[in-house]
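Worksheet for the structure shown next.
FYI, it's all coordinate maths here, none of it is from the lab. As the structure is a prediction and not an experimental result, all values here were calculated from the model. Please note: Cβ atoms are built from the backbone with ideal geometry, for glycine as well, and neighbour counts cover all protein chains shown.
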Amino acid sequence: MAARLPARFIGSFLARSTAPRSAVTTTQWSQQVPSKFVRAYSSDAPASAPLYARLKGDLKTAMRAKDAPRLAVLRAVLAAVLNASKTSQPIETDAQLVALLRKTARTAQEAADQFRAAGRGDLVEKEESQIRILEEYVAESGVQSVDEAELRDMVLAVQSELAAEGVDAKMGEVMKKLLGPGGRLDGKDVEKTTVAKIVKEVMGSKA
């Protein structure tokens, strides 16, 4: 006869299996980050990112206030910054931080959608509260946003500049001119995928 598993083990297993497997929430991520790593961020602070300093300060405030949603968001974002610092693409500016905040918000929204489909309203509310916090930081970041109409004007201007320089204005050259250091979009809040889409639409066959 097969050995019987303890009832508490079965109950725990069933409870875990009710959540969507593909949804990795901001809360779950932050819980995987030991508190000792939170103290390590000070030595890896991006020098040109005032928003980073605010996030670190707010982390301490959230810990004192026991603000669980904000604490989960800040731990996840700061952990991502720390991980990026060990790669060839560190997060060093407010614009890069804003891009990370937007990416984190998209992930949280995907998780919320999955929880909603699974009938887990409690988890949906947790994700949505964290999305609101992320959007708050984006809105107050001071990083300039660029809409699609402005992007189109910039693409046309860059095309003209490249033509004047005798450079064949292909998509790669236009993207480099827009997004590179000192470019029109350098330091601005804009999604690279959106830029690529607008460049392709404006340039048509030359893209």
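Averaging over all projection directions, the Cα-based convex hull of segment 109-154 occupies 4.4 nm² in the image plane.
Segment 77-207: D in µm²/s via Stokes-Einstein (Kirkwood Rh, Cα pairs, 4 °C, 1.567 mPa s)? Diffusion coefficient, whole number: 77 µm²/s.
Around residue 139, what is the net charge, scoring Lys/Arg as +1 and Asp/Glu as -1 over all other residues with Cβ under 14 Å from its Cβ? Net of charged neighbours comes to -2. Around the Cα centre of segment 87-171, unit charges on the Cβ atoms of Lys, Arg, Asp and Glu (plus for the first two, minus for the last two) sum to a dipole of about 380 debye.
Note on residue 63 and residue 148: the model spin-label points, each 7 Å out from Cα along the C-beta direction, lie 4.4 nm apart. For segment 49-153, lysine pairs separated by 8 or more sequence positions, or belonging to different chains, with Cα-Cα distances below 22 Å total 8.
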